[in-house]
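Please read the structure below before turning to the comments.
The values are calculated or read from the model by the stated rules, or taken from the named source; none is laboratory data. As the structure is a computational prediction, the values presented were derived from the model and not from experiment. Every residue, glycine among them, receives a Cβ derived from its backbone with ideal geometry; neighbour counts consider all protein chains shown. Keep in mind that these areas ignore ligands, DNA and RNA; they rest on the heavy atoms of the full protein, side chains included. Shrake-Rupley method; radii C 1.70, N 1.55, O 1.52, S 1.80 Å.
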Amino acid sequence: MLHNATGVSMEVNLLTSLSDNIRIDRDKCSACGKCAEVCILDNLRLQLSPCRHACPLGMNCQGYIHYLAHDKAAKGTETIRESTPFGGILGRICSRPCEAACNRIKVDGEAVAIRDLKRFLSDRTEAPILYPTGAESGKSVAIAGAGPAGLTAAFILRSAGHRVTLYDREPTPGGLLRWAIPEFRLPYECLDRELAFLKVMNVDFQGERTLGQDLDLEGLKQQFDAVLLTLGAHGQAKLGVPGEDSDHVIPLLSFMKMVRQGQTPSLGQKVVVVGGGNGAIDAAQTALRLGTRNVTLVCLEKRHEMAAFPWSISEAEEEGVIIHNGWGPRSFHYKAGRLSVIGFKKCTALCDAKGCFCPSYDEEATMELPCDTVIVAIGQTIEEGWAGIVHNPVTLQSENPKVFVAGDLASRAGTVVEAMAQGKEAAISIDRILKGEDPEYGRRNGRAVEIDFSPDWSRARSRARVVAPVLPMEVRKGFEEMAKGLPYEQAVAEAERCLGCGIPFGLRTCWFCLPCEIECPEQALHVEIPYLLR
Amino acid sequence: MEFNEYHDDADILIIGGGSAGAMAAIRAKEVNPGQKVTVFEKGDILYSGCIARGMDALNIVAVPGQTTAGLYVESNGMACEGIMDEPVNYRMAERSWPMMKKLESWGVFFPRDENGSYELLQVHPKGKFCLAMKEPELKTILAKRLLGLGCRVFNRVMALELIVDEGRVKGAIGINIRTGEIVVCHAGAVILTSGGTARFGLPNNGYLYGVYDFPGNTGDGYAMAFRAGAEVTGFEYTLNYYIIKDINAPLLYITLTRGAHLLNALDLHLEDNHPSIKSMILEHRKDRGPLRIRMKHLPEDKIREIEDILFSTERPVQQRFYEGRGIDFRTSDIELWPTEYYLCGGHGMTGIFVNEKAETTLPGLYAAGDVSLVARGHLSGAFVYGEIAAEEATDYIRKNPLKAGSKETELEVLKDNLAKRLGQTDGEVSIEEFEYKARRLISDYCTPPKNAYKLNMALWWMDRFGKEIREKVRIRGIHDLFKTLEVDNIIQCARLSATASLERRESRWGFWHYRVDYPEKNDIHWLKHIMLKKGANAGEVLVSYRPVARMDRGE
């Protein structure tokens, strides 16, 4: 649509005002985009739903929700598995960029519960996952780091028929999924279930191997056809406050690992968690469940600046965590060899004028909190020696053509889904390299999609978002999973809230040859004779 | 925008993944499984080209015991009014039967009667060569086969220029029409199978495409071969067809050969005299059209048979068309009408000149299918010469291995050119409007009835369009860009067509090359090919003649 000099919009010519002869049945279309892929005249495009556009994995959320709403749960599960084998994990702990982008918010203020629906579809036991692998390629890949990025890459590369050896310094795979995310959010049953592919697909997992100690990069480069580094960011940032090095001041990851191993030290009655991110919240709720009576969380950030998910912050407060915003640690005080008080100074601003993280303080405004244990959860860094690996942002290939990076090691997006997405991209690059193909071709842009459009909301009716059942407060003492998952009827009702934003459309250069119709998995597309020829 | 560049190395590069190209790819891997075969395909190879849903017949199969290659040569020679290279056509007819059997072994369905005989129909002046085929999955069968054999397909890549070095064709440069990425393929030999110019003249139905050739065929291969210095021919053979009015789907031979009647507008029956497309157009031109196909007298089982083929193969969308107009073969007639004009080696005689080895006049460059001249070779020609091109190219590479490290300066020039065109963001006219006008004027001036005045006007207009496409057209993004490049090629083909038509000072081939200023056929002077070749100066077109190749009658 063009605008002339006076701002009036006008049709350009006869050809653009031809009627669109492609008819889509919205009750059947799952917005998969197959029609646009197969159109031989470049006539069809897909209006991409904002949820799918926001998802780093490009998952067709609209698609799986559509199937659920139409009594085709099995197809919904299948749709998720086209993007990831970890639907249950993401369905519990994903940061949900999809929901933040959901157009439903504009109708009744609340997004569709996309994550809960993903969990519902992934937890279905009627659909055991098959793990087909391609013909053996004769090529081998080493992956160092069995966290979300490494696991995703292992799955994709093994599916492609390459031999995969997955190393990790811990005895069991999972990375932070196992060693940092608390059990009451991600139960081990779910984790182990979704990691079963390692055994079934014959991925060679080698635990208790540490890169730089009993495993060396040069050796891997020689032994394997490609090497992927997904070491994560396990360096624990220090406060830089005197008195920090003590048994009673525990870094977050160390703390969570001890809990996981059943080797928690005695925490005393008063625990202070320093930090404002999800890790800090996790630590606070964990401390409560370990029997600590007073758990306080203190962070530099104001409430709205906290990096933790807002829904998690509310949950923690409900459980009794006390939160103090806008304070930075200043001093530790010991009494008879034991930690007794932690002193804070007021943080007046988090960032400097340029917006860079550079907290400023009012040294005169102070606060003191009695404590037995302090857990430091102020952020992770890439461990020494592994930071700053230069790499191609699209292919994730480093300057050494055999070596690739992904996940927190490559870029600090810091979420599980982003790490998985990078693992996937790195795996695609490696697969292409092993096949002798250019790794970058076709990956920068140019899918046949449109993201700037107004969806058709004519069928939307205001309805409140479903509230997924959670464990009642009284029962939240142990590490049982808190969120319970939706029952079928509620899941379907929630799925019906989806507006179905994405849809294919034609550019009016149709030849009515019909492959789009033939390839549509839902028979949702019908090619009409254009009016001019009818 | 930055044009990212990707390099691919192949033994054989095939430009165009339709019937001829797919067959060439398969054959190249059959004769040498170790060689690397790359295909540039403008659409998506699974369904691309003219046979998205198959074709209702293989028009040329010399069935042993029924017809011979020699009879075909004689028959087609008549249809081409003498301008037909016999050895090229003989070789095609010779291989047509084994080709058909090969397709059958791959699962392509050719109906047989209760005695096991194939269904043969007569569409040529002599002999029944047209063998019925009923396989809507023809293209997917071929596509899956070539992918399974390990051919590397670049979908959405339109070839822009051939790479020529020291007189030999060594690959091509293409552009991804969705991402704008440039793909440079160096190859030992190139096979051009990019089809004809289906978007040439403008249909009169207000829509963009009329003929049943794939509308993505915009003469890219003709233009590239010409720019690289190969000889092309037959551009005066501006062709149109006579098929179902408005929807332009085929049904003529399927129905006529089963007893349907053909009537003109005055209710005169014409089915008895072996009506051809040519004769039907002449009838229409004498103001006695539209002609109609009538089937209401046919028995129910014959009508069902016809419906079955028409509604499943080639243009199955016809069923909806008839429903929309309330047409039932049992009660209504079907109207026929002339299509717009187009250029095509398969239906017509326009193409890159090739010999019976599919060699063009440039070393390293082969051509097959609609982009080449095998004189009305149709699908059989595409398949057979696709194979021959692959065989010959394989042999050529073995004898002339490519030396590594040739530099193309053309690449930087090309990227510069593309960048400039992408800068035309404020042009006053959309590319669709521009194409519409260009094709309307091609219809006005390049097509019959021709005369010197009109043909010279055609050249004048094409020169003007060549300037305006760089000055007036609005190009915003890659989609507009590739449509513009297509129109570049259409204009080039129009130039070649007007030039050749001006040269052939006679009339021939029914209405297709009818010149009002030279209304008679003149075999004394014009029984020869008119060849076009790029001259040394920019825009120069050199015209020459080539005698028609005949075979020893003692064969």
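Observations
- For segment A:436-469, the list of trypsin sites (Lys or Arg not before Pro) that fall in a loop by DSSP and count at most 11 other C-beta atoms within 10 angstrom reads A:Arg459, A:Arg461.
- Take each residue in B:41-54, count the other chain C-beta atoms within 10 Å of its C-beta, and the mean is 4.
- Principal semi-axes of the equivalent ellipsoid, √(5λ) from the alpha carbon gyration tensor of segment B:355-430, are 34, 23, 8 Å from largest down.
- All C-alpha pair distances within segment B:207-307, sorted into 5 Å bins from zero, spread as 2, 10, 17, 18, 15, 12, 10, 7, 5, 3, 1, 0 percent across the bins.
- Residue-count net charge about B:Asp220 - beta-carbon cut-off 10 Å; Lys, Arg +1, Asp, Glu -1: -1
- Compactness of chain B - radius of gyration and Dmax, Cα, Å: 22.6, 69
- Around the amide H of B:Asp8, modelled in the peptide plane, lie the amide H atoms of B:Val184, B:Cys185, B:His186, all under 5 Å away and 5 or more residues distant in sequence or on another chain.
- Taking a Cβ cut-off of under 15 Å around A:Val405, the surrounding Lys, Arg, Asp and Glu residues balance to a net charge of -1, with basic ones at +1 and acidic ones at -1.
- Semi-axes of the equivalent ellipsoid of segment A:147-211 are 20, 14, 9 Å, computed as sqrt(5λ) over the eigenvalues of the C-alpha gyration tensor in descending order.
- Acute angle (nearest 10 degrees) that the helix B:452-471 long axis makes with the longest principal axis of chain B, alpha-carbon atoms: 50 degrees
- Bridging of B:Lys415 to lysines at a Cα separation below 21 Å is possible for B:Lys42, B:Lys170, B:Lys407, B:Lys467, B:Lys472, B:Lys483, once same-chain residues fewer than 8 apart are set aside.
- Percent of Cα pairs in the protein assembly as shown per distance bin of 10 Å, from zero to the largest separation: 2, 9, 16, 19, 17, 13, 10, 7, 4, 2, 1, 0, 0.
- Under 13 Å from the Cα of A:Lys402 - aspartates and glutamates, other chains or at least 8 residues apart: A:Glu218, A:Asp225, A:Asp431
- Cα-based helix-to-principal-axis angle, B:69-79 vs chain B, degrees rounded to 10: 90 degrees
- Scanning chain A for long hydrophobic helices, with DSSP H runs required to stretch 20 angstrom or more by C-alpha along their axis and to average at least 0.5 on the Kyte-Doolittle scale, returns A:416-434.
- The phi torsions of segment B:317-329, fed into the Karplus equation with coefficients 6.51, -1.76 and 1.60 and a -60° offset, translate into couplings of 5, 4, 4, 5, 4, 5, 4, x, 9, x, 9, 10, 4 Hz, rounded to whole numbers, with Gly and Pro shown as x.
- Cα gyration tensor of segment B:135-266 - equivalent ellipsoid semi-axes, whole Å, descending: 35, 20, 15
- Normalised per residue, the volume of the convex hull around the Cα set of segment B:111-169 (Å³): 226 Å³
- In Å², nearest 10: area of A:Tyr334 left accessible to a 1.4 Å probe: 90 Å²
- Selected from A:Gly506, A:Cys516, A:Ala460, residue furthest toward positive end of dipole (segment A:388-534; charges at beta carbon): A:Ala460
- Counting only other chain Cβ atoms within 10 Å of each residue's Cβ, the peptide B:209-219 averages 2.
- Computed on the Cα atoms alone, the convex hull of segment B:1-128 gives a volume of 167 cubic angstrom per residue.
- Protein-protein interface of segment B:177-193, residues with accessible area decrease of at least 20 Å², isolated chain reference, 1.4 Å probe: B:Arg178, B:Thr179, B:Glu181
- Note on A:502-514: average number of Cβ atoms from other chains within 10 Å of each residue's Cβ is 5.
- Rolling a 1.4 Å probe over the protein chains gives A:Lys238 an accessible area of about 120 Å².
- Efficiency of FRET from Cβ geometry, B:Asp9 and A:Phe357, R₀ 45 Å, rounded to 0.05: 0.40
- Projected over every direction and averaged, the convex hull enclosing the alpha-carbon atoms of segment A:405-472 yields 9.5 nm².
- Taking segment A:238-380 as the region of interest, the number of lysine pairs whose Cα atoms are within less than 20 Å, with members eight or more places apart or on different chains, is 8.
- Three-way shape label, segment A:353-446, alpha-carbon gyration tensor, a/c 1.5: prolate
- Karplus-derived 3J(HN,Hα) values for segment A:328-345, using 6.51 cos²θ - 1.76 cosθ + 1.60 with θ = phi - 60°, are x, x, 10, 7, 10, 10, 10, 9, 6, x, 10, 5, 10, 9, 10, x, 10, 10 Hz; glycine and proline are entered as x.
- In plain terms, the bigger the Kirkwood radius, the slower the diffusion; for segment A:299-351, with that radius from Cα pairs, at 20 °C and 1.002 mPa s, Stokes-Einstein puts D at 168 µm²/s.
- Long-range HN-HN contacts of A:Tyr361 with modeled amide H, under 5 Å: A:Thr348
- Across all Cα pairs in segment A:238-380, the calculated P(r) in 10 Å bins from zero up to the longest distance comes to 12, 44, 35, 8, 1 percent per bin.
- Per-residue surface analysis assigns B:Lys144 an accessible area of about 130 Å², computed on protein heavy atoms at 1.4 Å probe radius.
- Cα pair distances exceeding 19 angstrom across segment A:36-155, given as percent: 56 percent
- Global geometry of segment A:394-534, whether rounded, prolate or oblate, following the gyration tensor of its Cα atoms and the 1.5 cut on a/c: oblate
- Note that segment B:51-59 has calculated 3J(HN,Hα) couplings of 10, 3, 10, x, 9, 6, 6, 9, 5 Hz, one per residue in order, obtained from phi through the Karplus relation 6.51 cos²θ - 1.76 cosθ + 1.60 (θ = phi - 60°); glycine and proline are x.
- Dividing the Cα radius of gyration of segment B:470-555 by its Kirkwood radius returns 1.14 for Rg/Rh.
- Chain A - Rg and Dmax from Cα coordinates, angstrom: 25.9, 94
- Cα gyration tensor shape of segment B:251-291, rounded if a/c is under 1.5, else prolate or oblate by comparing a/b with b/c: prolate
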